[in-house]
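Here's the structure we're looking at; comments come further down.
Here, each number is a calculation from the coordinates, and none is a lab measurement. Given the structure is predicted, the values throughout are model-derived calculations rather than measurements. Here Cβ is always computed from backbone atoms with ideal geometry, including for glycine, and neighbour counts include all displayed protein chains.
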Amino acid sequence: MSQMNATVDPAEVARFDALGAQWWDEKGKMAPLHAMNPARLAFLRDALVRHFSRDARALRPLKGLSILDIGCGGGLLSEPLARMGGQVRGIDPAPGNVEIARAHAAASGLAVDYEAVTAEELASRGDRFDVVVALEVVEHVADVGLFVRTAGQLVTDGGVLVLSTLNRTAKSFALAIVGAEYVLRWLPPGTHRWEKFITPEELEATLAAAGFAAQEKVGLAYEPLSGDFHLTEDLSVNYFMVAERVG
């Protein structure tokens with residue numbers, strides 16, 4: 001593997017590339033992401049509105065903001081961000097994912113710029129964005145420190161980096177791996193590896209080494225009775241972190 005793509009884990013790329021059109025099947029293998037999306041998008045919208053002093057009541061509150069969605073998959077996050085007015089670029093190292101994302105955006109009448117490249121390639125080109133988002137990506141990369149540094153290089157001065165991942169706790173092992181993969185069969189067994197989960201303290205230290213400071217931390221929890229996800233102060237399983245460049 002070249003240094004340019006040092007954060008990319010080929011096995012992880014192949015796993016998600018094989019999903020194809022299943023990305024947009026709300027009852028298929030990506031059902032958990034579809035269920036998460038309302039809470040994820042509400043969090044992102046509110047965090048970005050606060051950071052950039054936008055009107056939360058506006059129909060397109062992210063209008064004019066350049067947004068990079070790292071690990072965009074089939075476009076589940078990129079499309080709603082574009083609907084909120086963002087100038088969105090979605091990148092993914094899996095070409096099959098990008099093809100699906102492009103086709104779906106075109107059918108939906110949305111202008112999203114998709115590209116089958118890595119974050120390292122964008123950084124080497126000098127590309128910069130007001131907002132860099134990498135949700136459910138950190139636990140799948142080969143080198144977390146390098147990935148966070150690279151993502152940070154892509155953020156403009158005054159911009160914001162938003163990450164979400166899984167905490168490495170007994171509870172996350174029980175829910176995200178045993179429950180989601182082996183009991184409920186939401187995800188194919190082996191989708192997640194518990195040893196690659198990262199604690200909030202570890203992620204904050206990694207961000208600090210990259211010149212960023214965490215400004216906001218929020219958890220995401222599953223409600224089994226309703227089947228919905230909601231934001232919470234509990235960071236023991238899924239969590240978001242919003243960071244700004246220090247100085």
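A few remarks follow.
- In the stretch 10-245, a dipole from Cβ-located charges (positive for Lys and Arg, negative for Asp and Glu) runs towards its positive end, and of Trp23, His140, Ala209 it is Trp23 whose Cα lies farthest in that direction.
- The chain, helix-only ellipticity at 222 nm - DSSP H runs n ≥ 4, -39,500 (n - 2.57), divided by all residues, nearest 500: -9500 deg cm²/dmol
- Peptides 50-56, 90-96 ranked from most to least packed by the mean count of surrounding Cβ atoms within 10 Å: 90-96, 50-56.
- Reachable lysines from Lys217, criterion Cα separation under 28 angstrom, eight or more residues apart if same chain: Lys29, Lys63, Lys171, Lys196
- Each of Gly158, Ala107, Val237 was placed along the dipole of the stretch 10-245 (beta-carbon charges, centred on the mean Cα), and the one lying farthest toward the positive end is Ala107.
- Cα shape, the chain, gyration tensor, a/c 1.5 rule: rounded
- When each of the peptides 138-148, 224-234 is scored by the mean number of other C-beta atoms lying within 10 Å of its residues, the order from highest to lowest reads 138-148, 224-234.
- Sorting the segments 206-213, 106-113 by their residues' average number of neighbouring beta-carbon atoms within 10 angstrom, most packed first, yields 206-213, 106-113.
- Take every DSSP beta bridge whose two residues both sit in the chain; close to 55 percent of them are antiparallel.
- Lys, Arg +1 and Asp, Glu -1 on Cβ, resulting dipole of the stretch 58-182 about Cα centre, debye, nearest 20: 380 debye
- Amide H contacts of Val155 (H built 1.01 Å from N, under 5 Å, at least 5 apart or other chain): Phe129
- Rounded to the nearest 20, the size of the Cβ-charge dipole of the chain about its Cα centre is 460 debye, with Lys and Arg at +1 and Asp and Glu at -1.
- Each residue of the stretch 206-221 is assigned a 3J(HN,Hα), and the resulting list reads 5, 4, 4, 5, 8, x, 10, 10, 5, 9, 8, 9, 9, x, 10, 10 Hz, derived from the Karplus form 6.51 cos²θ - 1.76 cosθ + 1.60 (θ = phi - 60°), x at Gly and Pro.
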